Every structure is written in C-alpha cells, then in structure tokens.
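Report on one structure; see the data block that follows.
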C-alpha cells in the first residue's frame, strides 16, 4: 500500500460528469500537463462490469472494493492506497459495499 493521491495540480478538467450504470459510477475526466489522461470518480454500492479500451491503472483514494479481472475467478480486495492494472480491450468486475473513490490513469 502507498499513500493515496490527495490532490492533483495543474490539470485541464472536464466539468460535465461521466455518469454510468444509472448513477452508480460518476467520474470527471482531466488531462495532465504532460498530455496524459485520467479520470477521478466514485463507485457507489454495487457490483458492476467495466470494459476498457486503453490499459488502465485504478488507484483507490478512499473506501474499498473487490475486483476480478477478465479470465480470473479470484476476487481481490483493494483499499485506500492500493492500485490495480487492467489490460486494454478487456474488462473487470468490481464489487463495492460503500463508496469507492478512485483515480483512473489511462495508458
């Protein structure tokens, strides 16, 4: 576990929220000064399946979840300060009991 990111400076933020799964996941996209793209958001209590285009790194900055990568039968617990990687053109399942706050970095 590492210290979670608490602030991101110098970004270009999209103010309109991305709302998925009937409001169970809400995020905002932003671009870093180096041009890399990320989003920051929250997943509310639910079990969801996300698809990826680009590879992603999910960093937990608050709360907790369990996730399962495509092709795996194993649920892995994640809490504040943890991160996991998802390959591009793939999917992952996520189970959240309470709010899971995250930063998603796109490759």
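Read-outs: derived from the displayed coordinates by stated rules, not from any lab. None of the values given here were measured: they were computed from a predicted structure. As a convention, Cβ positions derive from the backbone with ideal geometry for all residues, glycine included, and neighbour counts pool all protein chains shown.
Binning all Cα-Cα separations of the stretch 14-106 at 10 Å, short to long from zero, yields these whole-percent fractions: 17, 54, 27, 3.
Across the stretch 1-42, the relative contact order, built from alpha-carbon pairs under 8 Å that are at least six residues apart, equals 31 percent.
As a length-normalised measure over Cα pairs under 8 Å and 6 or more apart, the relative contact order of the chain settles at 32 percent.
Residues in the stretch 1-26, backbone N under 15 Å from the label point at residue 76 (7 Å along the Cα-to-beta-carbon vector): list them, ranges by number please. Within reach of a label on residue 76: 1-2.
Which percentage, to the nearest 5, of the DSSP beta bridges contained in the stretch 14-106 is antiparallel? It would help to have the intermediate numbers written out before the result.
Working: 40 of 40 bridges.
That works out to approximately 100 percent antiparallel.
A simple spin-label model places the labels of residue 26 and residue 85 3.2 nm from each other, with each point 7 Å out along Cα-to-Cβ. Okay, which of the stretch 4-35 sit inside 16 Å, backbone N to the point 7 Å along the Cα-Cβ direction of residue 44? Label zone hits: 17-28.
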